[in-house]
Amino acid sequence: GDLKMQVPFPFSLLCWQVIKCKAAVLWEANKPFSIEEVEVAPPKEHEVRVKIMATGICRSDDHVVTGAMVMPFPVILGHEAAGVVESVGQGVTAVKPGDKVIPLFVPQCGECQNCLNTKGNLCSKTDLGTSPGLMPDGTTRFTCKGKAIHHFLRTSTFTEYTVLHESAVAKIDSAAPLEKVCLIGCGFSTGYGAAMQTAKVEPGSTCAVFGLGGVGLSVVMGCKAAGASRIIGVDINKDKFAKAKELGATDCINPKDFNKPIHEVLMEMTGGGVDYSFEVIGRTDTMTAALACCQSNYGVSVIVGVPPAAQKITFDPMLLFTGRSWKGSVFGGWKSKNAVPKLVADYMKKKFVLDPLITHTLPFTKINEGFDLLRTGK
């Protein structure tokens, strides 16, 4: 009892303990994940320790494995998840132990230029594009075999417990099914928002979506929700077409079925180009094809897929001079802390579905099999 009296704030003493738990550690590029026992330090001031209940596998995680996205090793990847707050550090007011939360790889500090601007959403507190792999104070909360392990996008969800800055946590409805709404942490919100927020697709418009993975299918759902009259899915894997049509695609085409560039095919199909196109793969050739297939004077093309490191695009500037717009979209353009709880509430009201985006459910220890399924397009 005496010990408790000396603690100046009303927290359980448990929150000062290191937690030992399982995590999938990536020791180096192009190697499988290794399930290890890691030590997770307690949350520091303005930090939250979260028990991860469900996490999705996203192509961006695989980009780190292959080296297309450069991050320091060893690292705990994962950024699309949902969990329950285990403990909070000093000064945290937004969440308390027991709250259901979604980690935010694009935080919302509410103070930087992007947070303060109504048009901005890429908070300066994000680790995206900077790649130090550390918490905002420049240190890590993970240790394994005596070595410091890097964070990924300040979320690191391929672990039973993680530590997040409070600006990177959204409190959600306590009734939400975590194994479904974890997708709102990245894939669903990214695609749906690219259509609804970034492009602002209009009723009656024509759209083309390059790449029909989980994010591409979410773009299709966003285009449909916005009232697009024609949604053309483009993918080299025809196994993706049935689900795309189920979610709102009106046509699906495979570039391998044509002996001319795919942008020409789309131009002909639509009598001059689509109103909105989306690149949801992360390849430079498809980015230029998506730009070229939209209407020459008022078409809008949105880059949603993470571009590969160290690659440049060469294109004819006349494509833009005639009036097209080329835009990027990170996390669907949503201000994360504001939008995620609302998106979860919309899901609970059945405004959109998430089940079709979930193809497999695996135990955490089979994470390498999950990545194999991703890489084979399953």
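The values are calculated or read from the model by the stated rules, or taken from the named source; none is laboratory data. Because the structure is a prediction, the values reported are computed rather than measured. Glycine gets a Cβ as well: all are built from the backbone with ideal geometry, and neighbour counts include every protein chain shown. When the accessible area is computed, the model is the full protein with side chains, heavy atoms only, and any ligands, DNA or RNA have been set aside. Shrake-Rupley method; radii C 1.70, N 1.55, O 1.52, S 1.80 Å.
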For segment 170-190: of the residues being of a type in the set (A, V, I, L, M) and over 14 Å from the mean Cα position of the chain (by Cα), which is most open to solvent (accessible area, probe 1.4 Å)? 175
Filter segment 129-143 down to the residues that are touching a residue at least 40 places away in the same chain (Cβ under 8 Å) and either open to solvent by 50 Å² or more (accessible area, probe 1.4 Å) or not in a loop (DSSP other than H, G, I, E, B) (or both) and list them by number. 132, 137, 142, 143
Counting only helices (runs of 4 or more DSSP H) entirely within segment 309-378, those with at least 2 residues that are in contact with a strand residue (DSSP E or B) (Cβ under 9 Å, 6 or more places away or on another chain) and of a type in the set (Asp, Glu) are none
Among (1) open to solvent by 20 Å² or more (accessible area, probe 1.4 Å); (2) at negative phi; (3) touching a residue at least 60 places away in the same chain (Cβ under 8 Å) - the single one residue 241 does not satisfy: (3)
Out of the residues in segment 288-308 that are open to solvent by less than 60 Å² (accessible area, probe 1.4 Å) and part of a loop (DSSP other than H, G, I, E, B), state the one that is farthest from residue 190 (Cα to Cα). 296
Can you tell me which condition residue 272 does not meet? The list is (1) more than 30 Å from residue 117 (Cα to Cα); (2) in a loop (DSSP other than H, G, I, E, B); (3) open to solvent by 70 Å² or more (accessible area, probe 1.4 Å), and all the others hold. (3)
Within segment 255-269, track down each residue that is part of a loop (DSSP other than H, G, I, E, B) and either free of Cβ contacts under 8 Å to residues at least 12 places away in the same chain or closer than 18 Å to residue 219 by Cα (or both). 258, 259, 260
Residue that is aromatic (Phe, Trp, Tyr) and part of a helix (DSSP H, G or I), where the choices are 241, 278: 241
For residues in segment 100-128 being loosely packed, with under 14 Cβ neighbours inside 10 Å and among the small types (Gly, Ala, Ser), which is farthest from residue 73 (Cα to Cα)? 110
For the condition open to solvent by less than 10 Å² (accessible area, probe 1.4 Å) and either closer than 15 Å to residue 282 by Cβ or touching a residue at least 12 places away in the same chain (Cβ under 8 Å) (or both), what is the one hit in 79, 63, 46? 79
Restricting to segment 198-221, name every residue that is more than 23 Å from residue 335 (Cα to Cα) and surrounded by fewer than 24 Cβ atoms within 10 Å (Cβ to Cβ). 203, 204, 205, 213
Need pairs with beta-carbon distance below 7 Å; first residue free of Cβ contacts under 8 Å to residues at least 12 places away in the same chain and within segment 28-41, second surrounded by fewer than 17 Cβ atoms within 10 Å (Cβ to Cβ); sequence gap 6+ or separate chains. 34/27
Those residues of segment 25-34 which are outside any loop (DSSP other than H, G, I, E, B) and surrounded by 16 or more Cβ atoms within 10 Å (Cβ to Cβ) amount to 25, 26
Identify, by number, the condition in (1) in contact (Cβ under 8 Å) with a residue 60 or more places away in the chain; (2) assigned to a helix (DSSP H, G or I); (3) open to solvent by 30 Å² or more (accessible area, probe 1.4 Å) that residue 224 doesn't meet. (1)
